[in-house]
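Chemist: I have a structure I would like to understand better, so I am pasting it below and will then ask my questions one at a time.
Just so you know, all these numbers are worked out from the coordinates, no wet-lab data involved. What you are looking at is a predicted structure, and each value in this text was computed from that prediction instead of being measured. Cβ coordinates were reconstructed from backbone atoms using ideal geometry, including for glycine residues, and neighbour counts include every protein chain displayed.
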C-alpha cells in the first residue's frame, strides 16, 4: 500500500511537470518502510525516484530516539548512481525503545531528507532450552527471540559461557560448574531485561569419596558380596583367575576398617550370596565340565553355620531373600530358568514356575518391598511377585550393560543400577513412577569391574577394580557414593 501511495504521488508529479515545463526534472526521496526490527537491529527500505539521471554523493538513513533527530545514528550507504530503492541496516540499538527514521541523500544541493517513519525495537523472549539435565562442561541450546549481542546466561548465580548467538534466537551455552544446589534456574540477561525459565535446570548428581581400600593386593573376580548386621562382606572368588581366594573380608563403614571374617567353608568361584546365605559355585579353577560346590551356609551373629547341601546344581545363580525365604533363580547349570524357594523353618526347597528368560549373576538385581527386580540381558526390567510367583515387565534400562555383573541397590524409594563390567555408568530409578535418571560416572577408567556394592545411611558403597586384562597393580577401591552430591 505504501509503495503504491508514493508511486502515485510520483506519477502525478510527472504529469504536472509534463504539462508545464518539459525541460525540468523531478526527484523524490521516500523513507518507504521498516523491513525488520529485533531487539538491537533494524533494516529500513528507502527509494530515490526521479525522471532524469541522478547521482548522489551519499545516501542512507538517519535514526534517533528523538523526533528532532538530535545526535542521530547515521547509516551512510555512500555514493549512488541512478534512482531506485536502497536498504540500510544498523546494530547496537536499545531494545524496547521507540525510534524515528528518515532517508537522506546529497545530490549536490546539500543533504535532503525524506519523510519520517516510526519504529520500535523488540523485547527479548524465552521459548525453551535443551537438554534440561546435564553436567558441567556440556552444551545446551536456549531458544527464544530478539537476543542482543551482549546477552548473558546464568545457572543460578553462576555465569555460563555463551559460545554462539545464532539468528538472535538461539544461544549455544556451556554449562558452568554447579554451586550449592543441583536444581537451579536459568536466567538470560539481554540488555536491561532479565528473563528466567519457569522450570529449573537439573545438574547430573552423584559424588564419590574413596575410603579404605581392600586389605589385600588382589584382583578379585567371580567373588561374592553381601551385607549383614551393618557390615559389608566381600571375598571368595579368585585372584585374576590364577588362584582361588579363600577368605571373606568384612568392612565396617563406621570405623572404616577391614577385618577377616574367618569363613570356615571351602573356597569357590561363581557362588551366590544374600544377607543370610552363601551357596553353590565352582569348587576348582578350570573349564567345563566344572566341579561344583553344593554346600549352603547361613550367616549368623555367631558366625557361619553350614546347612544341608543344595539339592540342585548352582553356578552363577541369582539369589534374593523375600519374606524371610531364600529364592535361587537360574544360573548356568541344570534348568537355566528354574526358580527355587528355601524355607528356613522346614529346611525344604520348593520348585516354582520357570522365569521368563535366563537370569544369572551377570544380571543386576535388587529387592524392594519384598519383591524382586532384575534387569535382563535385553535391558528389560523384570518384576517378580513372590505372593503369586508371577513375572512381569515394567520398564527398560536406558544405560549400557557392558560385560554384565552390574549392581542394584535401594535407597528409600529409588534404585541405583550400574557398575557393569567395563562401563562406569550409574542410573537412578524412581520406583514411584519408574523414571530413569543418569548419575555421575564412577571414578577411574571405564575398564572397571564391580566387586561389590552396599547401602548404609543413604549412601552407596561401591567396590571397583580394573579389568584383569589391564597390566599393572591396581588397588580394589571402595567409593562412598552420595547420589545427591554435586
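Chemist: Would you please put 180-192, 398-410 in order of how densely packed they are, using the mean number of other Cβ atoms within 10 angstrom per residue and starting with the highest?
Modeler: Ranking the peptides 180-192, 398-410 by packing returns 398-410, 180-192.
Chemist: Ordered by packing density, taken as the mean number of other Cβ atoms within 10 Å over each peptide's residues, highest first, how do 127-134, 453-460 rank?
Modeler: 453-460, 127-134
Chemist: Determine, for 284, 158, 222, the number of other Cβ atoms within 10 Å of each Cβ, and report the residues in order from fewest to most.
Modeler: In order of increasing Cβ crowding within 10 Å: 284, 158, 222.
Chemist: For segment 207-482, what log10 I(q)/I(0) values come out of the Debye formula at q = 0.10, 0.12, 0.14 1/Å, with one point per alpha carbon and no solvent?
Modeler: Rounded to two decimals, the profile gives -0.47, -0.70, -0.99.
Chemist: Moving to a separate point now. Can you sort 333, 202 so the residue with the fewest Cβ neighbours within 10 Å comes first?
Modeler: The order, fewest Cβ neighbours first, is 202, 333.
Chemist: A further question on this structure: Taking the alpha carbon gyration tensor of segment 355-486, what are the square roots of 5 times its eigenvalues, largest first, to the nearest whole Å?
Modeler: Result for segment 355-486: semi-axes of 25, 17, 12 Å.
Chemist: State the label only: which of (1) -0.23; (2) -0.18; (3) -0.39 corresponds to log10 I(q)/I(0) by the Debye sum over Cα atoms at q = 0.05 Å⁻¹ computed from the shown model?
Modeler: (3)
Chemist: Now for a separate question. If you line up the long axis of helix 2-20 against the longest principal axis of the chain, both from Cα atoms, how many degrees apart are they, to the nearest 10?
Modeler: Between helix and principal axis, roughly 20 degrees.
Chemist: Based solely on its DSSP helices, what 222 nm [θ] is calculated for the chain when runs of n ≥ 4 H residues each add -39,500 (n - 2.57) and the sum is averaged over all residues, nearest 500 deg cm²/dmol?
Modeler: Per the formula, -1500 deg cm²/dmol.
Chemist: Turning to a different aspect of this structure: What ranking do 349, 427 get, fewest neighbouring Cβ atoms within 10 angstrom at the top?
Modeler: Fewest-to-most Cβ neighbours within 10 Å comes out as 349, 427.
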